[in-house]
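Novice: For reference, the structure I am asking about is given below.
Derivation of every value follows stated rules applied to the coordinates shown; laboratory data play no part. Nothing here was measured: the structure is a model prediction, and the numbers come from that model. When we count neighbours, we look across all protein chains shown, and the Cβ atoms used for this are built from the backbone with ideal geometry, even at glycine.
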Amino acid sequence: MALPVLRSSDTVSRWDPLREFEDLRSGLDEWLQSAFSGVAAWSPLADVSETADAYVVAVDLPGVKREDVTVELVGTTLAITGELKEREQTGWFRSRTRRRGRFEYRTALPHEVDADRIEANLNDGVLTVRIPKSEAIKPRRIKITGK
């Protein structure tokens, strides 16, 4: 038996169950952070990729100034912390969904990285951190000798 389908050209008000879960997860993350650290922090979206010679971490930080971000390598953990400062607003808020305040992103890296050559670049709201692999783990071609 087929069920009736509600059809509408209004895509703005369409219910999205995945968004509901994302909103719930985000709210729980903020609540847990504030409950255990005393300061509410959020985690920015990020991609981690691997090339032949490095690991690349791209973190979305729109509106964050370079001086408000800290990038640290603690052991094998890359820690990106900072603050998205509140901008002065006028008028009444009808809706407020933009993130603000302290943020933190952490990811574990393999042991075989060259910590002295890590580079970080903030451009167009994306922080790109390039972590070179150590020379010891890069593939090497071995010359074969003999007859």
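Novice: Please list, in chain and number order, the residues 5+ apart from THR107 or on another chain whose amide H is under 5 Å from its amide H, with Hs placed from the backbone.
Specialist: LEU78
Novice: Something else: Could you grab the Rg to Rh ratio for the stretch 38-147? Cα atoms only, Kirkwood for Rh.
Specialist: Across the stretch 38-147, the Cα-based Rg/Rh ratio is 1.17.
Novice: Let's see if you can work this out: charge +1 on each Lys and Arg Cβ, -1 on each Asp and Glu Cβ, no other charges. What is the dipole magnitude of the stretch 67-147 about its Cα centre, in debye to the nearest 20?
Specialist: Roughly 560 debye for the stretch 67-147.
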